[in-house]
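> This is the structure, below, for whatever I ask next.
The values are calculated or read from the model by the stated rules, or taken from the named source; none is laboratory data. These numbers come from a predicted model, not from an experiment. Here Cβ is always computed from backbone atoms with ideal geometry, including for glycine, and neighbour counts include all displayed protein chains.
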Amino acid sequence: MKFAVIGAGAVGGFYGALLSRSGQDVSFVARGAHREAMLSRGLQILSAPEAVGDFTVRCPVESDPARIGNVDVVIVAVKTYANAETFPTLRPLIGPKTMVLTLQNGVDSAEELAAVLGPGPVVGGATYIAGGIEAPGVIRHNGTHRRIVFGEYFEPAATRSERVAALASIFSAADIQTEAVPDIRPRLWEKFIYLAPMAAFTGAARLPIGPIWGDEFIREMFLSAVDEVERVARASGIDVPAGVRHRITEYTAGVPKTMRSSLLIDLSQGKKIEVEALQGSVVRRGLAAGVPTPIMSALYAVLKPHAVGQ
């Protein structure tokens, strides 16, 4: 298949490199020093031997998607605050059977994509991976997780669609931990129910998860925020699996105490943050569904002034 990866950072760069290494036709859209390094030296992945190991790929790297033309699959991996300017540029990539898979944070991307491209091409996804750009042209993959869960967003069925199943086979062959589902919406929200509060608390406190989870009062506030987002999901008609609070409690108790959200990392570096796609989305959707979100609203108010960075 022919792939266009929009955003060559920790998510798009890593998965695009794995797809290229497995023999797929991959083109990246990137800019700045990262693009220049990819053009001159290739894209280098640094990963533990028990994960995918170190390797380098050389692929076309464009600054304008129009130079790539129609592809079979578009992987959208830019930060959500770039959506308004990025999504219209994807039109030259879209053919009659093109899939557009978003691997962005939050639960808004599929609907925002459909508003620009129509719902037909859009496939929703969530990814579970840790890493970052270590230097221009170099991506550091931390740990062994490299999982993508994806499926239909606008036309879910009892079983996964043919196009989702076909893409799952290609991902698996590329050493990507893959789960293809008939309906992605509950899975997107299950991640969101954890991510929005976790990013909010670590960002507002300017601290990793350890001090937050280790304090009984703060931990209970964190879980109350989890409950707020779950209530918004259910009021919005999302069939979130039962027991999500328990699963989040078990998961968070086991993560490294030094874990920082990407929002906190960006905030500490003076960069733009995804506050609107995370905390802002909870507040807006809560208002629309008539569900109070007092904790998430307060955290949104704390973080909102930093949306555009320094």
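> Residue pairs, Cβ under 6 Å, 6 or more apart or interchain, first in the stretch 54-79 and over 14 Å from L19 (Cβ atoms), second small (G, A, S). List them.
From the stretch 54-79, the pairs are T56/G42; V61/A30; I68/A4; I68/S27; N70/G95; V78/G7.
> Let me ask something else. What residue, among those in the stretch 139-178 that are among the aliphatic types (A, V, I, L, M) and touching a Ser or Thr at 6+ places or on another chain (Cβ under 7 Å), is surrounded by the fewest Cβ atoms within 10 Å (Cβ to Cβ)?
A173
> Also: Within the stretch 143-182, take every residue that is among the hydroxyl-bearing types (S, T, Y) and outside any helix (DSSP H, G or I) and give me the one that is farthest from S20 (Cα to Cα).
Checked the stretch 143-182; the qualifying residue farthest from S20 (Cα to Cα) is T159.
> I'd like the residue in the stretch 19-41 that is of a type in the set (S, T, Y) and touching a helix residue (DSSP H, G or I) at 6+ places or on another chain (Cβ under 9 Å) and, out of all such residues, is surrounded by the most Cβ atoms within 10 Å (Cβ to Cβ).
Of everything passing the filter in the stretch 19-41, S27 is surrounded by the most Cβ atoms within 10 Å (Cβ to Cβ).
> If you check L287 against the conditions, is it surrounded by 22 or more Cβ atoms within 10 Å (Cβ to Cβ) and over 20 Å from the mean Cα position of the chain (by Cα)?
no
> For the stretch 249-259, check the following and say yes or no: at least one residue is under 27 Å from I133 (Cα atoms), small (G, A, S), part of a helix (DSSP H, G or I) and under 20 Å from the mean Cα position of the chain (by Cα).
no
> If I go through the stretch 210-242 residue by residue, how many of them are surrounded by fewer than 19 Cβ atoms within 10 Å (Cβ to Cβ) and part of a helix (DSSP H, G or I)?
The qualifying residues number 15.
> Looking at V71, V149, can you tell me which residue is at pLDDT 95 or above and farther than 30 Å from S236 by Cα?
V71
> Look at T202 and say whether it is crowded, with 20+ Cβ neighbours inside 10 Å, within 23 Å of L303 (Cβ to Cβ) and in contact with a strand residue (DSSP E or B) (Cβ under 8 Å, 6 or more places away or on another chain).
no
> Does V283 satisfy the condition of being in a helix (DSSP H, G or I), touching a Phe, Trp or Tyr at 6+ places or on another chain (Cβ under 7 Å) and either closer than 22 Å to N83 by Cα or among the basic types (K, R) (or both)?
yes
> Just one of the numbered conditions (1) crowded, with 17+ Cβ neighbours inside 10 Å; (2) outside any strand (DSSP E or B) is not true of Q44; which one?
Tallying (1) crowded, with 17+ Cβ neighbours inside 10 Å; (2) outside any strand (DSSP E or B), Q44 fails exactly one: (2).
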